[in-house]
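Student: Let me give you the structure first, and then I'll get to my questions.
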Amino acid sequence: MKVFFLLWAWYCLWFSFLSEVSLLSVVLLSFACALFFSLVVVLPSRFLYRKTGDLFSVSLLAGILMAIGEFVKDRLFGGVSWVDLYGFLGMLYPLNMLSNLFGPYYLSFLAVLGLFLFYSIFSPKERVLKGLLIFLAFNFLLGFGLFLHRYSMVSEGNSGIFVGVIQPGVSHLDKIDTSQGDSIWENYLRLVGSNDYHLDVIVLPETMAIFSWPGRNLSQWVERLKGRARADTVILGANTYYRGRYYNAAVFFDEHIRTYFKNKLVPFGEYAPAKWLLGDILYRYLDVLPNSEFAKGDGPAVFEVSGRDIMPLICYEDSFIYLIRNYLSRLDGRPSAIVTLSNDEWFGKGLAQWFHLNFARLSAITFSLPIVKANNDAWSCVIDPLGRVVQGEVGLDGFGIRRLFVFWLMDYNMPGGLYQRYGDSLMLLIILVCGIIIIFRVWNKRRWHGTQYSSYKRT
């Protein structure tokens, strides 16, 4: 219980830095995270330690449980927990490259092993776990070697396309205010025509247009936008109404109109989970939007820009590693880049934007693909396949500034890694090997204690 309450207090402190989130949401989210970590990792590890006293086996078990927990978390919420600290732990950068080989859950496994190694070094009661030290050092060198190899490949490219990203700086409250509609669109028109030369594509962030409003005819604004834009194509984030259902969509305009419908919807923001059970509590206390009734998209899309295939994602979909891999496996070929349409302005000036950025950086590393982030208010940038922000502006200084970014999106043409090819199979193999090691060590230790006890009785 002591560990649980310490974890709960830590998560409450950590999540309290998220602005635009109610106190009740912070408390409930912190409680869920602390309960999950306590039940899945802490309790089984303490049980094994009390039975065997073998810290090495306990560290392997905790790493396995953490990897399995992160696998479940990625399916439900996206992202990997340890990446939240990525911006503050630059020394671990080479290890991140291993996500390209074994997947992001392997990094969670290594992070837990590192914690146990740290504990063994500074604990007077435990011997230093030299096996973990050697194993982590090997992974560090492997990650560094992979980084150097990928870096040489990144430096070879010279062709690419010009991408314009509109950062309109529009409040989410103004976007749903019908009286602000015309002035917002005038702002869009001014920004899309503000570049000095012709671009290959201009991208406007998530939900820049609300096509689902009753009585609103936005087709004339779209035609003016296409005519004003100094670009071959336009990608626009919009709320759309299609076949009787509402969607959060990315709309692609060239000679024809194509759409991508968001697959991973935000709970309490784009749909109300267990609405039949919780009722009005959702809307009064948990920050649920009154119109959060979006339908779920069913698959990937590819937009062709100047002969290159671009795969669109919306908002925090770039945090779901398994979703991106599923999309890539369903496409006929490998896209040149991923374009993410986001609206992190919802979170104000808190830590959520850093979380989202770091999740996208890990996705870029895992699949060796550049990611262009088009955001409503700051955080618009280009992430290269090494997870580095190479163009754009990240941080809180860009809030409220309306601008058009012009990015040079280079053709990296890097092949996918082992994880994209084999998925979680390699991590499963690692878990099985570690499980066998744990069973062997526990069995061997119990046999040794039995032998010692028999010798003592004979004496």
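Read-outs: derived from the displayed coordinates by stated rules, not from any lab. What you see is a predicted model; the values in this text were computed from it and never measured. Quick reminder, even Gly has a Cβ in these numbers, built from the backbone with ideal geometry, and neighbours come from all protein chains shown.
Student: Using Cβ counts within 10 Å as a stand-in for footprinting exposure, how do 408, 8 rank, fewest first? All intermediate terms of the calculation are to be shown ahead of the outcome.
Tutor: Details: 408 11, 8 19.
Ordered by Cβ neighbours within 10 Å, fewest first: 408, 8.
Student: Going by amide H atoms built from the backbone, whose H comes under 5 Å of the H on residue 246, apart from near neighbours?
Tutor: Sorted by chain and number, the residues that satisfy this are 295.
Student: Between residue 293 and residue 271, 0.36 nm times their residue separation minus their Cα-Cα distance comes to what? Display every interim value, and only then the final one.
Tutor: Numbers: separation 22, 0.36 × 22 = 7.92 nm, distance 0.50 nm.
Net length gain for the segment: 7.4 nm.
Student: Could you calculate the FRET efficiency of residue 151 with residue 393 from 1/(1 + (r/R0)^6), where r is the beta carbon distance between them and R0 is 30 Å, rounded to 0.05? Walk me through the intermediate numbers first.
Tutor: Numbers: r = 23 Å, r/R0 = 0.78.
With R0 = 30 Å, the Cβ-Cβ based efficiency is 0.80.
Student: Nearest 5 is fine: what % of DSSP beta bridges in region 226-272 come out antiparallel, could you say? Each step should come with its number before you reach the end.
Tutor: Working: 14 of 15 bridges.
Given both bridge residues lie in region 226-272, the antiparallel proportion sits at roughly 95 percent.
Student: 7 Å from Cα along Cα→Cβ at both residue 255 and residue 444: what's the point-to-point distance in nm?
Tutor: Result: 6.8 nm between the two label points.
Student: Moving to a separate point now. May I ask you to compute the full-extension gain from residue 421 to residue 118, defined as 0.36 nm times their residue separation minus their alpha-carbon distance, rounded to one decimal in nm? Mind showing how you got there, number by number?
Tutor: On the way: separation 303, 0.36 × 303 = 109.08 nm, distance 3.37 nm.
105.7 nm is the gain from fully extending residue 421 to residue 118.
Student: Another question, if that's okay. How far apart, in nanometres, would the label points at residue 6 and residue 75 be if each is projected 7 angstrom from Cα along the Cα-to-Cβ direction?
Tutor: The two pseudo-label positions are separated by 3.1 nm.
Student: Still on this structure: Sort 122, 109, 36, 355 so that the residue with the fewest other Cβ atoms within 10 Å of its own Cβ comes first and the one with the most comes last. Intermediate results must be reported in sequence, preceding the final value.
Tutor: Values: 122 9, 109 27, 36 15, 355 22.
So the ranking, lowest neighbour count to highest, is 122, 36, 355, 109.
Student: Set the Förster radius R0 to 35 Å, insert the Cβ-Cβ distance between residue 304 and residue 158 as r into 1/(1 + (r/R0)^6), and round the FRET efficiency to 0.05.
Tutor: The formula returns an efficiency of 0.95 here.
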